[in-house]
Structure formats: C-alpha cells, structure tokens
Amino acid sequence: MKIQPDNKIAYNEREIIYFAGGCLWGVQEFMKYLPGIFATQAGRANGLTDTTKSNYDGYAECVKVTFCPSTVNVNELIGYFFEIIDPYSINKQGEDVGKKYRSGIYSKHSSHLETAIEYIKHRDDADKIVVEILPLLNYVKSDEEHQQRLTRFPHDYCHIPKKILHKYK
C-alpha cells in the first residue's frame, strides 16, 4: 500500500460500497470502526430524486462506505454487515419498519455485487435471505443532522444492540 506524505490512503486504493440495514445511524456507527474503513457517510440509495427535501421516493437508508481493499475485502465487509442485520426481515430492522429500512448492498462495481451474490449463495440459509443486491443508480447524502448521529448522540435509538454496535471500536 502506498502511503501519501499526509499518511492518507492513496485515492486509487479506495473503493466504495453502500450498505442498507435499517436506520442508517446504527449502520454508520458500526461500519466506521471496522478495519480498513477510510470514511462513512449516511445517505439514501436508489431513490428517484437528488434531494432529501422530497417525499419518500423509493430510496433505502444506507451508508456509503469508503474502504481500502488491501486491508479489508468486500467479502469481509459483507460478513461484518451480516452481524448487524436480520437478513430474513423484509422492510424491517428492529423497530424500524417500512421500505426505506430494507436491507441491501449496492455498488457501482459489478465485482462487489457478484461477491455479495456469492456470499449469500454459499450460506446454509441462502434461500431465506431477502437482502437486496443491486447496482447503485442514485445516491443522495443525508442531511448533516444524520451524519455521525450516534457519535454525537450516543443515547439515541438504535436497532443494533450496544454490545454489537461497538464490537470493533
């Protein structure tokens, strides 16, 4: 891995994948502490508009995860993701209910999506899993009030149990 003078991971050594697993606050709080994660951002995947100021447009609450593939690969990231979701639940995680809370993995890289499909296919419970795996068609960053929400307000609601939420912190 090339290290830049400011000790940042080189731009060309970063990849991006998007995870939706219920309320994005908990997904972001969990993912940001994983090894190889460069940055996380709360957002909306595959909606029809480019704004957060519109009515619900079909999006899934998600977290944009920028990572270093030489430190953590997509298969490992998916494994971590499965620690915090109920992969059998349709449009629901914890007390969060509705289509925007569906579980999904999205990417602009077909190799990421192929890895996700293979990951699920090789599980004993593959026939029960309802995690959406789709190309990322649209992404909108969530408003600032939702960025790093559980870091700023650690006692806010989160569907991920505390003992798992900070397992890798």
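From the set of residues in the stretch 59-78 that are of a type outside the set (V, I, T) and open to solvent by less than 20 Å² (accessible area, probe 1.4 Å), which is farthest from S103 (Cα to Cα)?
Filtering the stretch 59-78 down to residues of a type outside the set (V, I, T) leaves 59-62, 64, 67-70, 73, 75-77.
Filter once more, so that each one left must be open to solvent by less than 20 Å² (accessible area, probe 1.4 Å): 59-60, 62, 67-68, 77.
Details: Y59: 11, A60: 8, C62: 9, F67: 20, C68: 23, L77: 14 Å.
Filtering first and then ranking leaves C68.
Where residues in the stretch 115-165 are within 15 Å of E29 (Cβ to Cβ) and among the hydrophobic types (A, V, I, L, M, F, W, C), which of them is surrounded by the fewest Cβ atoms within 10 Å (Cβ to Cβ)?
Across the stretch 115-165, the extreme among qualifying residues is F153.
Of all residues in the stretch 47-71, how many are in contact with a helix residue (DSSP H, G or I) (Cβ under 8 Å, 6 or more places away or on another chain) and at negative phi? Walk me through it before giving the result.
First pass over the stretch 47-71, keeping only residues in contact with a helix residue (DSSP H, G or I) (Cβ under 8 Å, 6 or more places away or on another chain): 56, 58-63, 65, 67-70.
Narrowing further to those that are at negative phi: 56, 59-63, 65, 67-70.
Number of matching residues: 11.
From the list G43, G22, which one is at positive phi and in contact (Cβ under 8 Å) with a residue 40 or more places away in the chain? Spell out the reasoning first.
Values: G43 fails: at positive phi.
When all the criteria are applied, what remains is G22.
Filter the stretch 116-152 down to residues that are among the aliphatic types (A, V, I, L, M) and in a helix (DSSP H, G or I) and give me whichever is farthest from Y88 (Cα to Cα). Write out each step before concluding.
Filtering the stretch 116-152 for residues among the aliphatic types (A, V, I, L, M) gives 116-117, 120, 126, 129-131, 133-134, 136-137, 140, 150.
Then keep just the ones that are in a helix (DSSP H, G or I); that gives 116-117, 120, 126, 150.
Working: A116: 15, I117: 15, I120: 12, A126: 10, L150: 25 Å.
Among those residues, the one meeting the criterion is L150.
The values are calculated or read from the model by the stated rules, or taken from the named source; none is laboratory data. Nothing here was measured: the structure is a model prediction, and the numbers come from that model. Here Cβ is always computed from backbone atoms with ideal geometry, including for glycine, and neighbour counts include all displayed protein chains. Quick note on the areas: whole protein, heavy atoms, side chains included, nothing else; ligands and nucleic acids left out. Shrake-Rupley method; radii C 1.70, N 1.55, O 1.52, S 1.80 Å.
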